[in-house]
Amino acid sequence: MFGLWNFDGGIHLPTHKAESSLAPMQVAELPKELIYPLMMRNGEKAKPLVSTGEQVRRGQSVVGADGWMNPPLHAATSGKVRGIEQRLWPHPSGLVGDCIVIDVDGDDESVEFQGTANYASIQPGELLDKIHAAGIVGLGGAAFPTAVKLNPQPYAIDTLLLNGAECEPYITCDDSLLRHFPHEVLGGAKLLMHILGVNRCLLAVGEDMPDAIIVLEKAQSEGEYGNIHIIPVPAIYPTGGEKQLIKVLTGREVPAHGIPAGIGVICQNVATAAAIHKAITTGEPLISRIVTITGRGVLHPQNLLARIGTPIAELVEHCGGYTDSVQRLIMGGPMMGFALPADDLPITKATNCILVAGQGEVIHDKQAMPCIRCGACATACPVSLLPQQLYWHARADKLDRLMEYHLPDCIECGCCDIVCPSHIPLVQYFRSAKSKVAAKERERLKADNARLRYEARQARKEREKLEKAESARRKKESLARATEIPKGMGKV
Amino acid sequence: MLTFVVLCVVFAFFGLILGYASIRFKVDGDPLADKIDALLPQTQCGQCLYPGCRPYAEAIANGKADINQCPPGGEEGVKALADLLGLEAKPLDPELGSEKPHRVAVIDEKKCIGCTLCIQACPVDAILGAQKLMHTVIASECTGCDLCLPPCPVDCIMMEAL
Amino acid sequence: MTPRHDRRFQYCHPSMKDYLLILVGTILVNNFVMVKFLGLCPFMGVSRKVETALGMGLATIFVLTLSSVSSYLVETHLLVPLGLEYLRIISFIVVIAVIVQFTEMLVYKTSPLLYQVLGIFLPLITTNCAVLGVALLNVQARHGLIESFLYGFGAAVGFALVLVLFAAVRERVDVADIPTPFKGNAIALITAGLISMAFMGFSGLVKG
């Protein structure tokens with residue numbers, strides 16, 4: 001029996017998972033169009049590799065890599081590029097930006113894929129190159145470039161964690177993946193252990209997914225997968241958060257300004273592991289993923305194996321369309337998702353769920369009331385922060401006190417938000433405070449830079465003045481010497 | 001009489017202690033002005049009526065200047081200075097200007113005559129160019145101080161919001 | 001017969017228990033700010049930020065302890081032998097002023113920022129009634145050297161303690177939703193009054 005640790009805080013939430021997990025997983029049919037936002041990780045615009053009218057095939061790169069932090073993006077099926085259009089980006093900011101729009105032709109013609117089942121002989125560095133070229137990012141929701149995460153120099157890694165906890169309500173895509181593709185996940189685990197050079201893998205599965213655990217254990221007995229422990233973890237939100245899961249499974253805490261690699265652990269989502277396995281063994285890049293379409297606003301909630309870039313409207317249509325009680329469209333889960341203004345936005349690599357919320361399902365109209373200083377938020381916080389203090393200081397814009405109370409460590413899970421009896425939108429305050437802190441830091445760097453340039457300029461002017469004075473003096477001296485009456489010439 | 005003598009001796013002794021202390025605890029430089037300067041936006045624009053950010057910082061450190069004289073720093077800057085010095089935050093002095101959104105200078109290349117007057121005016125050397133050659137502003141280094149606008153003889157520099 | 005030589009006022013040598021009582025008495029039971037209401041000016045003036053309050057508290061501990069001992073020494077070895085007790089207040093003030101000047105230079109050397117932030121309140125420690133009060137109360141209570149030291153130290157620690165506590169409370173009060181008529185010093189004084197009431201609860205902790 002594997003002993004588990006606890007983390008402070010966290011809350012029990014009604015899971016609402018049966019709606020989508022009981023329905024069978026389906027493969028979504030090919031969409032009529034694919035949309036790829038030209039949005040890079042740092043907010044800058046990406047450069048497309050294709051132009052209007054070009055014919056693309058499945059697996060062809062449409063946005064090139066821009067360093068290790070921006071892996072390439074591939075077309076999910078074949079079609080013709082309609083153009084680079086200004087469309088809404090699937091981002092909390094709701095900004096409009098350039099997107100590659102592809103008219104799907106339905107042939108699903110693909111480029112040549114080259115995979116290898118015999119990866120044990122390939123160097124980890126080369127495997128990382130392949131993972132980067134396949135455009136693989138973290139599929140748990142944050143979409144961090146996987147090739148960067150799997151290169152944890154100079155830290156030594158001793159444990160691989162696979163995150164199948166899926167603690168957020170409504171989302172069942174990982175559950176679906178584990179039940180339908182257990183060999184991909186276990187194969188991915190084995191591959192990752194080879195890349196990282198570890199011989200221990202802890203695969204966390206949520207306790208509320210018993211079917212997935214049974215299927216995984218059966219699959220493990222059928223194959224040679226090495227030292228993988230399948231461990232059920234409690235269904236407390238946010239056990240699936242990276243730092244919380246590490247604490248629960250290993251008892252180690254990730255330090256405040258550190259990363260898990262610093263304590264010898266690498267954590268990957270189970271879907272990422274499956275995508276890595278697919279990319280290395282078959283050569284197919286990341287072009288599809290399982291997405292949960294759920295909520296009272298959609299007729300038949302279920303999981304769909306969908307192509308990345310598919311407009312949400314088409315996925316909802318596949319699930320029977322909207323019901324009468326539909327109120328809001330959310331990309332992500334009820335805790336960490338964000339609302340969408342329209343349904344012609346595409347799903348991205350990071351989309352794990354489309355929550356079509358019905359009347360009163362996730363949204364409530366309650367007005368925020370004054371803080372009564374009850375402290376329930378501090379009890380619920382999984383990072384052991386003091387949300388109440390952060391709230392008061394965020395309201396008063398006291399950025400130095402916010403940093404003192406560890407604002408950057410907030411994982412924006414929403415536990416404090418849910419338990420607040422006054423319905424104060426705490427996470428909103430923290431997000432805006434974080435952006436203010438970041439803006440101030442940018443300004444400070446800019447000001448320091450300007451000061452250096454100014455001081456350098458002053459120094460240069462001083463130097464020029466001195467040089468001028470020096471050369472003037474020398475000139476005067478030589479002039480004086482030249483007009484001197486030489487000795488011995490006598491009086492004229 | 002005795003009182004007078006005793007007091008004189010005692011107070012002289014105290015005076016010696018203080019004199020020794022004032023030499024022993026002498027401080028070089030102006031560390032407070034450094035801390036204040038670190039909070040200023042470094043546009044070196046002179047709107048505070050001092051010839052640069054450092055002189056203004058030193059004036060605040062000596063108590064000669066108020067903390068609300070820097071428009072590019074804005075209300076945020078005044079608040080930061082107030083927090084540092086334990087003073088009350090006050091609104092910006094309206095006579096010295098108002099807080100404007102961050103702007104950079106842009107040279108209209110069709111009109112530029114290559115006189116280098118703006119290059120000499122820029123306090124952070126953000127303008128690239130030489131005599132009779134095209135001048136251009138390095139946007140990432142421009143602090144928006146407006147000092148290049150007056151010297152230009154053909155008025156070809158505009159301030160544009162980012 | 002002067003009280004000094006009257007056997008009825010014979011001076012018993014103090015024990016460890018007496019020293020402890022002096023400390024507890026000055027820090028909690030008879031706290032100089034909250035119970036005796038001395039030193040209120042720097043208390044209200046420097047309590048807006050915890051860091052400044054801590055700096056002021058430490059400076060006051062340094063000044064008060066030194067001045068308590070120095071004024072005792074001046075009293076016993078200078079004023080009393082020469083019969084100059086009538087110059088007590090003047091000489092105490094001079095002693096305190098010299099020590100404050102010395103402290104000012106020390107503070108400027110160690111932390112010019114603290115020096116600037118404390119501003120006028122640093123030299124105003126000279127006029128802090130708690131400092132002169134300690135010196136005079138030492139004389140009145142006929143404390144010896146160690147007792148004077150502990151009395152001054154305890155008084156200053158009590159002052160610093162309350163100052164830091166009040167600054168912490170005040171920081172939180174300043175960012176809370178205060179009705180406009182109460183903002184600033186008004187709510188601060190009300191808070192100070194409430195803390196004072198809390199400190200009255202310590203009375204009876206030390207008998208006598």
Original post:
Which numbered condition trips up A:LEU466, out of (1) farther than 25 Å from A:GLY9 by Cβ; (2) not in a helix (DSSP H, G or I)?
Top reply: (2)
Original post:
List pairs: first in the range B:8-33 and within 7 Å of chain C (Cβ to nearest Cβ), second of a type in the set (Ser, Thr, Tyr), Cβ under 7 Å, 6+ apart or cross-chain?
Top reply: B:VAL27/C:TYR108
**OP:** Being in contact with a Pro (Cβ under 8 Å, 6 or more places away or on another chain) and under 22 Å from C:VAL175 (Cβ atoms) is the filter; apply it to the range B:75-92 and report the residue that is surrounded by the fewest Cβ atoms within 10 Å (Cβ to Cβ).
**Re:** B:GLU75
Original post:
Where in the range C:80-148 are there helices (runs of 4 or more DSSP H), lying fully within it, with 2 or more residues that are facing another protein chain (nearest Cβ under 10 Å) and crowded, with 20+ Cβ neighbours inside 10 Å?
Top reply: C:88-110, C:112-118
**OP:** Check B:GLU95 against each of (1) in a loop (DSSP other than H, G, I, E, B); (2) acidic (Asp, Glu); (3) away from chain A (no Cβ under 11 Å) and name the one condition it does not meet.
**Re:** (1)
Original post:
What number of residues within the range C:35-48 are away from chain B (no Cβ under 13 Å) and within 17 Å of C:LEU64 (Cα to Cα)?
Top reply: 7
Subject >> Qualifying positions in the range C:13-68 - buried (at least 18 other Cβ atoms within 10 Å of the Cβ), of a type in the set (Phe, Trp, Tyr) and part of a helix (DSSP H, G or I) >> reply: C:PHE43, C:PHE62
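Yes/no per residue for (1) loosely packed, with under 15 Cβ neighbours inside 10 Å; (2) of a type in the set (D, E, K, R); (3) in contact with a Phe, Trp or Tyr (Cβ under 9 Å, 6 or more places away or on another chain); (4) outside the structural domain of A:GLU168 (by TED's automatic domain parsing):
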residue: A:HIS364; (1), (2), (3), (4): yes, no, no, yes
residue: A:ALA376; (1), (2), (3), (4): no, no, no, yes
residue: A:LEU385; (1), (2), (3), (4): no, no, yes, yes
residue: A:ALA394; (1), (2), (3), (4): no, no, yes, yes
residue: A:ALA438; (1), (2), (3), (4): yes, no, no, yes
residue: A:ARG442; (1), (2), (3), (4): yes, yes, no, yes
residue: A:SER471; (1), (2), (3), (4): yes, no, no, yes
Original post:
Do we have any residue at all in the range A:306-329 that's away from every other protein chain (no Cβ under 14 Å) and under 27 Å from A:GLY10 (Cα atoms)?
Top reply: yes
**OP:** Working only within the range C:149-183, note down all residues that are away from chain A (no Cβ under 14 Å) and β-branched (Val, Ile, Thr).
**Re:** C:VAL157, C:VAL162, C:VAL164, C:THR180
**OP:** All but one of (1) within 11 Å of chain A (Cβ to nearest Cβ); (2) without any contact (Cβ under 8 Å) to a residue 12 or more places away in the chain; (3) touching a strand residue (DSSP E or B) at 6+ places or on another chain (Cβ under 7 Å) hold for B:LEU128, so report the exception by its number.
**Re:** (1)
Original post:
Taking B:LYS79 and the conditions (1) at pLDDT 80 or above; (2) farther than 15 Å from A:GLU443 by Cβ; (3) within 14 Å of chain C (Cβ to nearest Cβ), which numbered condition does it fall short on, given that it satisfies the others?
Top reply: (2)
Original post:
Is there a residue in the range A:12-33 that is surrounded by 13 or more Cβ atoms within 10 Å (Cβ to Cβ) and without any contact (Cβ under 8 Å) to a residue 24 or more places away in the chain?
Top reply: no
Subject >> Total residues in the range B:42-51, condition surrounded by 19 or more Cβ atoms within 10 Å (Cβ to Cβ) and within 12 Å of chain A (Cβ to nearest Cβ) >> reply: 4
Subject >> Condition check for A:GLU253: of a type in the set (Asp, Glu) and free of Cβ contacts under 8 Å to residues at least 12 places away in the same chain >> reply: yes
**OP:** Restrict the check to the range A:169-192 and report whether at least one residue is of a type in the set (Lys, Arg), part of a helix (DSSP H, G or I) and within 26 Å of A:TYR119 (Cβ to Cβ).
**Re:** yes
Original post:
Quick one: is A:ILE411 surrounded by 15 or more Cβ atoms within 10 Å (Cβ to Cβ), outside any loop (DSSP other than H, G, I, E, B) and touching a residue at least 60 places away in the same chain (Cβ under 8 Å)?
Top reply: no
Subject >> Count - residues of the range A:263-321 that are under 21 Å from A:PRO90 (Cβ atoms) and in a loop (DSSP other than H, G, I, E, B) >> reply: 11
Subject >> Residue that is in contact with a Pro (Cβ under 9 Å, 6 or more places away or on another chain), of a type in the set (Lys, Arg) and touching a residue at least 40 places away in the same chain (Cβ under 8 Å), where the choices are A:ARG289, A:ARG296, A:ARG307 >> reply: A:ARG307
**OP:** Kindly indicate which of A:LEU160, A:LEU191, A:LEU150 is touching a helix residue (DSSP H, G or I) at 6+ places or on another chain (Cβ under 9 Å), buried (at least 24 other Cβ atoms within 10 Å of the Cβ) and touching a residue at least 24 places away in the same chain (Cβ under 8 Å).
**Re:** A:LEU160
Original post:
How about the range A:1-96: which strands (runs of 3 or more DSSP E) wholly inside it have at least 2 residues that are of a type outside the set (D, E, K, R) and over 30 Å from A:PRO169 (Cα atoms)?
Top reply: A:61-63, A:79-88
Original post:
Does the range A:457-474 include one or more residues that are touching a strand residue (DSSP E or B) at 6+ places or on another chain (Cβ under 7 Å) and away from chain C (no Cβ under 14 Å)?
Top reply: no
Subject >> Filtered residues of the range A:353-412 (kept if within 14 Å of chain C (Cβ to nearest Cβ) and of a type in the set (Gly, Ala, Ser)) >> reply: A:ALA368, A:GLY375, A:ALA394, A:ALA396
**OP:** Name every residue in the range A:120-167 that is hydroxyl-bearing (Ser, Thr, Tyr) and touching a Lys or Arg at 6+ places or on another chain (Cβ under 9 Å), in order of residue number.
**Re:** A:THR159
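The values are calculated or read from the model by the stated rules, or taken from the named source; none is laboratory data. Because the structure is predicted, anything quoted here is derived from the model rather than measured. Cβ: placed from backbone, ideal geometry, glycine included. Neighbour counts: every protein chain shown.
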